[in-house]
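Computed from the coordinates by the stated procedures, all read-outs in this text should not be read as laboratory data. All values reported here derive from a predicted model rather than from experimental measurement. Note: ideal-geometry Cβ built from the backbone for every residue, glycine included; neighbour counts use all protein chains shown.
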Amino acid sequence: MAVVWLPRPCAGAVLDWDALAWTAGDNDGSSPYNVGPYQAMITVAYVSEPGTVDSSDGSTLYPRLSTWASLGNEKALNVWMNATTDNGSAAYVQIEIALNAAVSGITFTLADIDAGGAWDGQRYANWQDVVVVSAFQDGVRRQITGTDFDPTPSYGRDTDGNDYSSSSLDLSLYGTGSAAESDPSGNIRVRITDPADRVVIRYSPGGMDERRGRQWYRYEDGLPGAGPADPDGQRLVIGDILLPDGVLVPEPSTGVLLTAGALAFATARRRRRSAAA
């Protein structure tokens with residue numbers, strides 16, 4: 001496989017929502033976006049069992065760009081869930097960021113992760129945001145970390161790795177309190193240190209619980225929405241996406257071949273020197 005060296009911008013490339021367009025009513029905006037030396041394809045799908053629900057009635061369900069106070073009043077991608085009146089059986093929304101090359105250090109901020117209403121010991125009265133972020137390079141999962149913006153965030157973290165993917169490499173978050181638009185307690189800075197060419201964000205404000213009689217049961221390996229079955233008008237906000245300086249990130253198989261070739265070359269060179277001595 002050919003190895004391609006990417007250009008090296010001075011301070012990395014930024015997918016800046018203020019400089020981009022997202023066509024209202026589309027689930028892929030105006031993708032692909034050219035971001036420095038990269039191309040980024042961003043798609044939004046509302047997922048049910050077993051497939052994807054298409055909502056095309058022009059309502060608030062559509063993802064759209066709008067300003068967000070806790071992100072400095074800059075534009076951000078708002079992805080809505082309005083299961084009651086729009087997509088009915090959709091269990092969660094999946095946002096995918098696909099790049100044409102693997103990048104180390106992808107960084108972005110998620111906002112408005114919270115819960116609404118009183119907790120009765122089993123579920124929240126209104127909704128509970130659940131977010132699972134996964135990253136991949138050539139289909140292999142990569143490690144994700146998160147930094148809280150606020151010392152008392154309006155969300156907790158799942159550390160057992162059971163949410164959706166059964167992988168501790170993912171970043172799993174669940175709302176534990178309310179957060180206003182201007183309140184950074186709903187924000188977390190996501191960073192993928194490992195090289196990655198695809199990021200998947202799964203979001204649900206509820207709707208994946210199962211009721212048996214008077215008892216509610218959470219899906220252990222699903223998005224465990226703890227709000228009503230069809231929460232209305234909730235959203236996840238995604239800020240600007242930093243793609244650091246372009247570097248060579250060969251696929252695993254290519255890296256092995258390069259290493260083997262370099263070792264073979266060095267061995268042959270030493271043999272030639274020994275024969276000439």
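Under 11 Å from the Cβ of Ile95, count the other residues' Cβ atoms, weight Lys and Arg +1, Asp and Glu -1, and hand me the total. Within the 11 Å Cβ shell, the charges total -1. For segment 128-142, 3J(HN,Hα) computed residue by residue from phi via the Karplus equation (6.51, -1.76, 1.60; θ = phi - 60°) reads 9, 5, 10, 10, 10, 10, 10, 9, 9, 10, 6, x, 9, 5, 10 Hz, glycine and proline entered as x. The order of Thr23, Thr176, going from fewest to most other C-beta atoms within 10 Å of their C-beta, is Thr23, Thr176.
The ranking of Leu71, Leu65 from fewest to most other beta carbons within 10 Å of each one's beta carbon is Leu65, Leu71.
Listed peptides 105-113, 36-44, 146-154 appear in the order 105-113, 36-44, 146-154 once ranked by packing, highest mean of other Cβ atoms within 10 Å at the front.
Peptides 236-244, 181-189 ranked from most to least packed by the mean count of surrounding Cβ atoms within 10 Å: 236-244, 181-189. Model label sites at Arg141 and Asp120, defined 7 Å from Cα along the beta-carbon direction, differ in position by 3.4 nm.
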